[in-house]
1. Assuming Ile323 fulfils every condition listed in (1) modelled with pLDDT of 90 or more; (2) surrounded by fewer than 24 Cβ atoms within 10 Å (Cβ to Cβ) apart from one, which condition is it?
2. Considering each of Ala255, Ala234, Ala201 in turn, give the residue that is out of contact with any helix residue (DSSP H, G or I) (no Cβ under 9 Å at 6 or more places or on another chain), among the small types (Gly, Ala, Ser) and open to solvent by less than 30 Å² (accessible area, probe 1.4 Å).
3. Would you mind finding the one in Ala434, Ala422, Ala476 that is at pLDDT 95 or above and touching a Phe, Trp or Tyr at 6+ places or on another chain (Cβ under 8 Å)?
4. Mind listing whichever residues of the range 351-405 are of a type in the set (Val, Ile, Thr) and more than 27 Å from the chain's Cα centre (by Cα)?
5. Among the candidates Leu307, Leu352, Leu335, single out the residue that is open to solvent by 10 Å² or more (accessible area, probe 1.4 Å), in contact with a helix residue (DSSP H, G or I) (Cβ under 9 Å, 6 or more places away or on another chain) and either more than 30 Å from Ile102 (Cα to Cα) or in a loop (DSSP other than H, G, I, E, B) (or both).
6. Condition check: among the hydrophobic types (A, V, I, L, M, F, W, C) and either touching a Ser or Thr at 6+ places or on another chain (Cβ under 8 Å) or without any contact (Cβ under 8 Å) to a residue 60 or more places away in the chain (or both). Does Leu441 satisfy that?
7. Name the strands (runs of 3 or more DSSP E) wholly within the range 1-117 that hold at least 1 residues that are open to solvent by 30 Å² or more (accessible area, probe 1.4 Å) and modelled with pLDDT of 80 or more?
8. Give the residues of the range 228-277 that are charged (D, E, K, R) and on the phi > 0 side of the Ramachandran plot, sorted by residue number.
Amino acid sequence: MKVTVRGDGSRSLMERLLAEKIPLANSCNGRGTCGKCKVRILSGTVDEITAPEERLLSAEDIRAGYRLACMTRSTGDVLAVEVPEAEKEHVFTTDGFKPNIIPDNPRDGYGLAVDIGTTTVVVSLIDLRNGEEAATGAMINPQKIYGLDVLTRITYETEAGVAGIAALQKAIVGGLNELAEKVCAERGVAADSLVEIDVAANCTMQHMLAGVDARPIGKSPYRPVFVKALRLKAKKLGLVGNDDTLVYLLPSVSAYIGADIVAGVHICDLKNTEDNALFIDIGTNGELVLATPDGMYSCSCAAGPALEGMNITSGMRAAAGAIEDIRIGADGIDLAVIGDVPPVGLCGSGILAVVRELVRTGLVTKRGVFNKPENFDNDDWRKTMLHYNGTKREFTIHTDKTGKDLVVTQSDVRQVQLAKGAIRSGIEVLLDHAGLKAKDLDRVLIAGQFGAHLPAESLLEIGLLPPVSPDKLIYAGNSAKTGALSILLSEKAKQETEDLAADIHYIELSNSENYDRLFAKCLLF
C-alpha cells in the first residue's frame, strides 16, 4: 500500500503513520528491537540509517530502500512510503468448553459476554431469557499499536502518563463498541438496549478498560489497584448501552492471574475437582492453575510473544498464508498453510512445529543450538538443510518466486526455548507445591486463543508440557468468554466466582527455592 505523509522531523515515521490510522506492526512500541515495522521509502528524504536498522534489516533490504518506521524521520516536505498490507482473515477461537447453562435470573433483553485478551478480543451477544448465544464477533486488540504485550503497554503508560492511560482506554473501548454494534446489528438488537456487559480479561486489560492506572502492575511489588470484581456503568466507560447498562468486571487473583483465568477455572468447575487437573492458558503470558482436592495453586510466567508468532524473523499472526505445521525429512519439507495459499510466514503453532522438527531431526541440539552443517556426512540429507548467513546458522523453510526466503534463525529457536522453559518451570513449581509428580496429573486443560491451535505432539515433544499421555490433554478453547457467559446469566455464579478468586493460592516463581536452576533445566529440549 502506497502512502504519502507530510514531513515532520520531530516525530518518527511510525508516529506519523499511526496518527493517520494506517495499520503497522509494532511489537516493541517503537523501540527498534522487533524489526516488524519495515516500510519502503519510495520518494522524499529521510535521516541516516540507524544502528538498530543495520542490525535488523538485511543488506538486500537496505539496498531496496527499506527502513524501520520507528527509527526513521523525514527531513523533507513530503514522503511517499510503501507500507505492507495488513494481515487479513485472522483465525480466532470464539468457542470453548460450555456445560448446559440455564439462567437463574432470566431477564428480558440481551447482554454481552466479553473476553479481552492481550492479543484478541471476543464478544458474544447473549439472550438473557434463555442463555442463547445470538451472535459472536472478534478482532485483534486495537491496543496493539501501543505494544503487543502488557508490559510494553504499561511502559507506554509510564512514558505518556495520564494521556497514555486515556489513549489505551479509548482504544479498547472503541474496539468493544465496534464489536458490540456488529453483533447487535446481526441480530437486529439496538445496542443502547443492552442490559449487562460482563468482562473477563487479564488484570492489566481490566485496568485499562476501566481507565485505572496499570503502572503498579509493571513494577515491584506488582500490586494492582484492584483485583476484586467491579460493577460500573457502561456510559461512564464510554461503552454502548444506556444509563442503566451494567458492566461487571470479573475478579482477578493477582497482577498476573487475571479474571480470564478465574472465568476459565469457574466454567471448568475446578474448585470442586476430585482429581488433579492442570489448567494452562498459553499466550504472551503463561497462566497456570493446578487444581487438586486439597486446594488450588497458580502462577504466571512471561512466555513472551514468540508462541503467538511475534518477535520471530518470519513470524506473523494466524492468518491466511501462515505456516501452522511442518514436517522435515529426507524427502524434503512438507508445509501446512492456513488458507491453502503460498506461505508468507510462521504463526505460533508453526514456529513451535518447526522447532519440534528441528530438534527431532537433530538439526538443533537438545540445548537449542543449531548443528553445524560440517558435522553431517556428505550423504546425510540434513547437511544441505542448514546454511550460514555470515557466521550465523539458519534454516530455510521456503523460498518464494521472487527468491525471498522464509528462515528460522538461532534467535528464533532461543525465543521458543525461553517460552518453553518459562511455562515448564512454572508447571514444575506448582506440582512441587502440591506434592505431586507429572504422573499424578489426571487432566491437562489447554485454554485460550493460542492454545486451541497447538497439537499435543508439539507441546509434548519439545517438553513444554511434562510427559503425560496425550489422551489426558483437553482443549478448553475460549474458556474466558464461556466463563463470562455463565456469569452473565447468574447472580449465584458471580458470587461463586468472587469466592473462587479468593481461594486460588498465588505463587511467585522468582521466590521459589532454586528457581534459577530449575528454569535452566527446563530450557533443555
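1. Of (1) modelled with pLDDT of 90 or more; (2) surrounded by fewer than 24 Cβ atoms within 10 Å (Cβ to Cβ), only one is false for Ile323: (2).
2. Every option except Ala234 fails the conditions.
3. Ala434
4. Answer for the range 351-405, where residues must be of a type in the set (Val, Ile, Thr) and more than 27 Å from the chain's Cα centre (by Cα): Thr361, Thr365, Thr384, Thr391, Thr399, Thr402.
5. Answer to the selection: Leu335.
6. For Leu441, the condition - among the hydrophobic types (A, V, I, L, M, F, W, C) and either touching a Ser or Thr at 6+ places or on another chain (Cβ under 8 Å) or without any contact (Cβ under 8 Å) to a residue 60 or more places away in the chain (or both) - is not met.
7. 38-43, 66-68, 78-82, 110-116
8. Asp269
The values are calculated or read from the model by the stated rules, or taken from the named source; none is laboratory data. Since this is a predicted model, take the numbers as computed values, not measurements. Positions of Cβ are backbone-derived with ideal geometry, glycine not excepted, and every protein chain shown enters the neighbour counts. With ligands, DNA and RNA removed, areas are computed over all heavy atoms of the protein, side chains included. Shrake-Rupley method; radii C 1.70, N 1.55, O 1.52, S 1.80 Å.
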